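To keep things clear, I will list the structure first and then write my remarks on it.
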Amino acid sequence: MKDFYKINIAGLERDLPLCPLNENIKIGAFVVFGDVELTVAAARELIKLMPEHDVMITAESKGIPLIHEMARQTGENTYVLARKYPKLYMKDIFKSTVRSITTDKEQTLYIDGADVKKMNGKRVVIVDDVISTGASLEAIEQLVKDAGGTVVARLAVLAEGDAKGRDDIKYLEYLPLFDAEGEPI
């Protein structure tokens, strides 16, 4: 039985731990937190795929270091963060509901009214670490649409499982799903 999946992302090799999703399927756990080298390299490569835009958005939380590094490398001074919980300072909150593959319950994403203004009438790039079922992506897209923005690109470090076949996303590498023994499906 395999416990790790070796993957090359932006020229860097990493071993992703295989974690059970259920009794028949495992997923490769991709976590950019704490991996500065990978975050910098992945951001650099995603920027190459990014069209002209006005603002970028990601969902809390694993996309934060990635979008921050992309903004730093491009000289952009701001980005939008869809949060998992509303914060006290947020006013005129917009929200969208999602159920992702790594969460066993429904979640709601929130953006502040000030972030709505950043996206209204603007070209928006969605940035994520992994796109799998697309549920989180759809929730962010709904926030962008409700804010009056237009999604011009959907970027991810990894496309997992069936997301590989989507023609509406751009990604750096494919991450398969795995059977109970750790073999790619």
Next on the checklist: Looking only at the range 1-28, how many residues end up being under 28 Å from T74 (Cβ atoms) and touching a strand residue (DSSP E or B) at 6+ places or on another chain (Cβ under 8 Å)?
Outcome noted: 7
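Please go through the range 1-30 and give me each residue that is in a loop (DSSP other than H, G, I, E, B) and either under 30 Å from K122 (Cβ atoms) or open to solvent by less than 50 Å² (accessible area, probe 1.4 Å) (or both), ordered by number.
A10, A29, F30
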Next on the checklist: Being open to solvent by 20 Å² or more (accessible area, probe 1.4 Å) and not charged (D, E, K, R) is the filter here; which residues of the range 136-157 pass it?
Outcome noted: S136, Q142, G148, T150, V151, V152
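In a helix (DSSP H, G or I), at negative phi and surrounded by 15 or more Cβ atoms within 10 Å (Cβ to Cβ) - does that describe any residue in the range 94-116?
Step one: filter the range 94-116 for residues in a helix (DSSP H, G or I), giving 113-116.
Those left that are additionally at negative phi: 113-116.
Checking the rest, the ones that are also surrounded by 15 or more Cβ atoms within 10 Å (Cβ to Cβ) come to 115-116.
Yes, the conditions are met somewhere in the range 94-116.
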Item to check | Restricting the range 125-145 to residues that are over 10 Å from the mean Cα position of the chain (by Cα) and acidic (D, E), the residue that is modelled with the lowest pLDDT | outcome: E138
Item to check | Residue within the range 31-39 that is more than 15 Å from the chain's Cα centre (by Cα), over 30 Å from D179 (Cβ atoms) and among the acidic types (D, E) present | outcome: yes
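Within the range 121-157, track down each residue that is over 17 Å from I57 (Cα atoms) and in contact with a strand residue (DSSP E or B) (Cβ under 8 Å, 6 or more places away or on another chain). Walk me through how you get there before you give the answer.
Of all residues in the range 121-157, those over 17 Å from I57 (Cα atoms) come to 132-133.
Across the range 121-157, the qualifying residue is only S132.
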Checklist entry - Looking only at the range 31-56, which residues are assigned to a loop (DSSP other than H, G, I, E, B), under 16 Å from D129 (Cβ atoms), of a type outside the set (A, V, I, L, M) and open to solvent by 50 Å² or more (accessible area, probe 1.4 Å)? => result F33, G34
Item to check | Checking T78 against (1) crowded, with 16+ Cβ neighbours inside 10 Å; (2) polar (S, T, N, Q); (3) part of a loop (DSSP other than H, G, I, E, B), the condition it does not meet | outcome: (1)
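The values are calculated or read from the model by the stated rules, or taken from the named source; none is laboratory data. These numbers come from a predicted model, not from an experiment. Neighbour counts run over all protein chains shown; Cβ positions are idealised from the backbone, glycine included. Note: accessible area is taken over every heavy atom of the protein model, side chains too, but ligands, DNA and RNA are not part of it. Shrake-Rupley method; radii C 1.70, N 1.55, O 1.52, S 1.80 Å.
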